[in-house]
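*Asks:* Have a look at this one.
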């Protein structure tokens with residue numbers, strides 16, 4: 001059974017969401033620009049990186065879940081595919097937003113931007129030049145990977161890959177809508193691409209997290225760092241999908257074709273990712289603590305001094321224990337009204353989590369944290385939200401001719 005309307009989605013909730021995104025983007029970027037002149041260029045680019053890393057979580061998780069849904073064929077994903085496509089389609093825009101980070105990394109543009117030093121310590125020629133008073137052999141040893149030029153090349157590769165996957169899958173999905181019959185051929189094609197794409201995606205997001213924030217502490221590394229970023233991003237995106245359900249559950253399309261079961265599936269995934277985030281976060285700490293290697297422990301030492309230790313119990317309580325016990329209830333997981341506050345809490349705590357991960361590299365004491373960090377976060381996340389809302393209104397809210405639409409009508413899910 002296929003739905004019949006090919007018309008783009010035009011509902012007030014999505015238009016309002018786009019307006020909110022544009023408003024947040026304007027307010028955040030204006031405040032950030034003001035901070036450039038009031039506080040300085042160094043803090044501007046630090047804050048910009050922080051906001052960019054947060055906003056990229058939405059775009060990357062959208063693409064990751066989209067690839068996973070096409071590969072597994074789960075009916076749960078049919079209801080959110082257009083949301084995932086719309087979030088992933090922001091990749092070209094996010095690629096443009098990556099340019100200021102590249103410029104802040106290149107020593108040749110440092111003076112033009114008003115920086116006293118490059119954004120990353122390893123990008124400073126004095127740190128990696130033998131004979132320099134500030135020469136650091138530990139960082140110099142990593143120059144083949146941590147060089148501004150190779151950093152830029154890798155960034156281009158990441159965004160070309162991610163943008164290509166998002167654009168191709170969206171194009172094929174629209175073709176499936178217009179096929180006039182149940183799109184088995186298009187589904188097989190998208191599944192084949194997603195199998196290859198998911199492998200490349202997981203490798204690339206791992207190295208991107210290494211490049212963008214793990215290298216802020218160039219002496220430190222963790223093989224779990226990329227996994228933690230993937231899981232954290234997935235957790236936040238699932239929470240966002242719950243909030244989207246609360247906005248569009250009353251639309252004619254959803255009322256006609258979607259039962260509560262797909263929403264229940266998303267809620268169960270949210271519970272699973274809450275547990276997975278806790279496991280990955282704890283295991284990274286446990287491996288480093290039990291290894292007791294001087295090269296690894298300073299990352300945690302910095303994050304347990306200067307007031308940063310107070311963040312840890314907050315994360316434990318509000319990012320794991322409270323959501324976990326609330327999500328155990330089947331009745332809660334089937335109620336959009338009950339899930340929306342839980343999802344909002346998870347997104348807010350993701351802001352706290354990423355603050356604890358990234359900001360101690362710039363602020364040894366929590367009292368030194370700049371308001372510009374959160375202006376950048378609001379501004380760049382607002383840009384992603386505006387692009388997301390614009391994209392989702394350009395096509396039908398559900399993939400019309402996907403074979404899994406039958407599961408929605410008969411009430412099944414897997």
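Only the coordinates and a few stated rules stand behind these numbers; no lab work does. Owing to the predicted nature of the structure, the values given are computational and were not obtained by experimental measurement. Ideal geometry is used to build each Cβ from the backbone, glycine not excepted, and the neighbour counts take in all protein chains shown.
*Asks:* Roughly how many whole Å is it from the C-alpha centroid of the range 317-350 to that of the range 133-198?
*Replies:* Going from one Cα centre to the other spans 31 Å.
*Asks:* Of all the C-alpha pairs in the range 304-380, what % are more than 18 Å from each other?
*Replies:* 49 percent
*Asks:* In addition: List the extent of the Cα atoms of the range 42-110 along each of their three principal axes, largest first, rounded to whole Å.
*Replies:* Computed over the Cα atoms, the extents are 50, 18, 15 Å.
*Asks:* Still on this structure, please answer the following. Provide the packing ranking of 151-160, 41-50, 113-122, 55-64, i.e. peptides ordered by the mean count of other C-beta atoms within 10 Å per residue, highest first.
*Replies:* Taking the mean over residues of other Cβ atoms within 10 Å, the ranking is 55-64, 41-50, 113-122, 151-160.
*Asks:* Going by C-beta contacts inside 10 Å, put 143, 242, 231 in order with the fewest on the left.
*Replies:* Ranked by crowding around the Cβ, least crowded first: 143, 231, 242.
*Asks:* May I pose another question? Contour minus end-to-end for residue 292 and residue 27, with contour as 0.36 nm per residue of separation and end-to-end as the Cα-Cα distance? Each step should come with its number before you reach the end.
*Replies:* On the way: separation 265, 0.36 × 265 = 95.40 nm, distance 4.48 nm.
Stretched fully, the residue 292-residue 27 segment lengthens by 90.9 nm.
*Asks:* Taking only Cα atoms and a 10 Å spring cutoff, compute GNM fluctuations for the chain and point out the largest among 253, 213, 134.
*Replies:* Of the options given, 134 has the highest mean-square fluctuation.
*Asks:* Return the equivalent ellipsoid semi-axes of the range 12-410 as a descending list in whole Å, where each equals the square root of 5 times an eigenvalue of the C-alpha gyration tensor. All intermediate terms of the calculation are to be shown ahead of the outcome.
*Replies:* On the way: eigenvalues 273, 108, 85 Å².
One finds semi-axes of 37, 23, 21 Å for the range 12-410.
*Asks:* Using the Kirkwood radius built from alpha carbon pairs, what does the Stokes-Einstein equation give as D for the range 254-357 at 37 °C and 0.692 mPa s, in µm² per second? Write out the running numbers ahead of the final one.
*Replies:* Numbers: Rh = 15.5 Å.
The estimated diffusion coefficient comes to 212 µm²/s.
*Asks:* In whole angstrom, note down how far apart the Cα centers of the range 289-306 and the range 356-375 are.
*Replies:* Here the two parts' Cα centres lie 18 Å apart.
*Asks:* Let me ask you something else. Express the relative contact order of the chain as a whole percentage, based on alpha carbon pairs under 8 Å and six or more residues apart in sequence.
*Replies:* 38 percent
*Asks:* Based on the mean of other Cβ atoms within 10 Å per residue, sort peptides 314-326, 83-95 so the most packed one is first.
*Replies:* On the way: 314-326: 16.0, 83-95: 23.2.
Highest mean packing first, the order is 83-95, 314-326.
*Asks:* Among 348-358, 189-199, how do they line up by average Cβ neighbours within 10 Å per residue, starting with the highest?
*Replies:* Descending mean neighbour count gives 348-358, 189-199.
*Asks:* Which percent of the Cα-Cα distances in the range 1-152 go past 23 Å?
*Replies:* When every Cα pair of the range 1-152 is considered, 56 percent fall beyond 23 Å.
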